[in-house]
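In what follows, a single structure is set out as structure tokens and then discussed.
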Amino acid sequence: MEGSEDLESSLLTQPWASVHFGESTFLAKVCFRDTGYILLISDLSSVWYESADAEAVGQRSKELNKRLTVHVSSFLNHLCNLMCPLLAGQPGATTTFSCHHSPSGLRLHVKSELSGLPFYWDFHCCPAPLEMVFRHLVRPLIQMNLALQCQVQELISLLLQKDAEIEDYRESGATLSRDRLRTKPFREETFQQNFMAERCKDRLNSLAISVMNQWPGVKLRVTEGWDEDGHHSEESLHYEGRAVDITTSDRDRNKYGMLARLAVEAGFDWVYYESKAHIHCSVKSEHSAAAKTGGCFPGRALATLEDGAQTPLWALRPGQRVLAMDGAGRPTYSDFLAFLDKEPRALTTFHVIETQEPPRRLVLTPTHLLFVAENASAPTAHFRPVFASLVHPGHFVLVVAGGGGLQPAEVVRVWDRRDVGAYAPLTRHGTLVVDGVVASCFALVQDQQLAQLAFWPLRLYHSLVGWPGVQGDGVHWYSGLLYRLGRLLLPPDSFHPLGISQAES
């Protein structure tokens, strides 16, 4: 006998298919056996399932089809013959499907014929367990994404090897006899830009789900992303994978106003009604997204609470006291006030700074300030704030020692990596210990005292009114205001180059 666990294992090998019930669109997969069936269905907002053995199928078939007296295996075989064409996009002409939402789940109703008599069936689907969602949706998507990334890297490596071999032949005096075989040198940066930027892709995926929820049966339609034909101006973001033109699948212009609003809510940085035919949406570059508040850490980086416990930055709540450094270079616990920026889904390029004796690894954006000295003998109060992008092996940074004090540690390695989530926490002291390394809360401007003074009104505000509720995503309004004022009042060389390029873009 094949149990429910065996049925689910068999379901793993089945592909997902897009199905339509009236105006609603779902993804579904199903597995039938002589011992029962299992159905998994999702609207990309929720996931439901039903697993029924032969006994349950027999009981339900008697309730729904009192005139039919056939063996349970015949019911299962007939259900399979009805569902398989539906999943293949070719439902039977004599079969109708409808779905109904209820507080307890989703009911899928089937009406057909069997042996010349009416045949009815109801799939009673309840919310799928989290582990099932991970097995059938999340893990396969992650594995597929990783496999595609590996293939892209292999392709890049092969193309670079090709160029190296051609250059070697050319330096040896070889010439190409047929011009039609001549190729241009491969440029990895240009190649990567030909794909849609991750930031744009994330926003587009969120918008697609919002459109389906707003108008059941309607999908998001992208009329143009990457421009291969040169139809836009030279400065267009369509050449960088950071812009899309969109409509709804039904091309109903009455929906475009709401579509633009949904695009803003999905996180696009620029949305406007470019023509009667479409809405234009674009995002800032990942560098400028990081530069808009100056600097961030990945959400999974750890801060240390007053009771000694460690917590990821994304979980920090206003009023909690976290390990920091005071103005005299001594460890202290400081009130966490707010996030200067909070982007939970942003894919960001970070700088990784690794030390030894003791070993530490800090991940932060290039524009962030870090306290650095040229040698290990410098007092902690004399460590000066430096942009993370300027830190290199041989520098010394401040780390938390075993006894809780601060000590210098030599930087031995620096490299870049990408991570999800970008958080810029602000404390009362303007510093924070992240993953055991002392860092500033500020960035963009290489002046810790000026930044701390500039945020004095915000610290006073929190002292007077207390702690606000849950903070929304995006840039803190005060941080954005300070950046705009700084651009007007401070000379350009006061800013990190990424801040200058962001302002000019």
Taking 7 Å along the Cα-to-C-beta vector as the label spot, tell me the TRP270-ALA378 distance in nanometres, rounded to one decimal. 4.0
Mind pulling the angle between the C-alpha long axis of helix 456-465 and the longest principal axis of the chain? Nearest 10 degrees, somewhere in 0 to 90. 60
Residue-level accessible surface for GLU306, protein heavy atoms, 1.4 Å, Å²: 100
Helical contribution to [θ] at 222 nm, DSSP H n ≥ 4, -39,500 (n - 2.57), averaged over the chain, rounded to 500: -9000 deg cm²/dmol
Kindly express, to the nearest 10 degrees and within the range 0 to 90, the angle between helix 256-265's C-alpha long axis and the longest C-alpha principal axis of the chain. 50
Skip the ligands, DNA and RNA, and give the accessible area per residue of the range 349-416 with a 1.4 Å probe, whole Å². 41
Over the chain, what percent of the accessible surface lies on carbon and sulfur atoms, probe 1.4 Å? 54
Rounded to the nearest 0.05, what FRET efficiency do CYS84 and ILE156 give with R0 = 41 Å and r taken as the Cβ-Cβ distance? Could you check? 0.50
DSSP-defined antiparallel bridges as percent of all bridges, the chain, nearest 5: 100
Once you treat every alpha carbon in the range 1-97 as an equal point and sum by Debye, what is log10 I(q)/I(0) at q = 0.16, 0.21 Å⁻¹? -0.73, -1.18
When every protein chain stays in place and a 1.4 Å probe is rolled, GLU357, GLU167 sorted by accessible area with the largest first are GLU357, GLU167
Taking all pairs of distinct Cα atoms, average 1/r, flip it, and tell me the Kirkwood hydrodynamic radius of the chain in Å to one decimal place. 27.3
Computed over the range 289-439, the ratio Rg/Rh where both radii use C-alpha atoms and Rh is Kirkwood: 0.93
Any idea what log10 I(q)/I(0) is at q = 0.17, 0.20, 0.27 Å⁻¹ for the range 99-150, Debye with uniform C-alpha scatterers and no solvent? -0.72, -0.78, -0.96
For the range 390-455, what value does the Rg/Rh ratio take when both radii are computed over Cα atoms and Rh is the Kirkwood radius, given to two decimals? 0.98
Here the tail fraction of P(r) beyond 18 Å, over all Cα-Cα pairs of the range 233-368, rounds in percent to 68
The range 297-368: mean projected area of Cα convex hull, nm²: 5.8
Using the structure shown, list the pairs from LYS219/LYS276; LYS29/LYS66; LYS66/LYS111; LYS255/LYS342; LYS162/LYS284 with a Cα-Cα distance above 23 Å, or answer none. LYS29/LYS66; LYS255/LYS342; LYS162/LYS284
Cα-based helix-to-principal-axis angle, 54-64 vs the chain, degrees rounded to 10: 60
1.4 Å probe accessible area per residue over the range 1-78, in Å²: 52
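The values are calculated or read from the model by the stated rules, or taken from the named source; none is laboratory data. Bear in mind that the values here come from a model prediction, so they are computed numbers and not experimental data. Backbone-built Cβ (ideal geometry, glycine too); neighbour counts: all protein chains shown. With ligands, DNA and RNA removed, areas are computed over all heavy atoms of the protein, side chains included. Shrake-Rupley method; radii C 1.70, N 1.55, O 1.52, S 1.80 Å.
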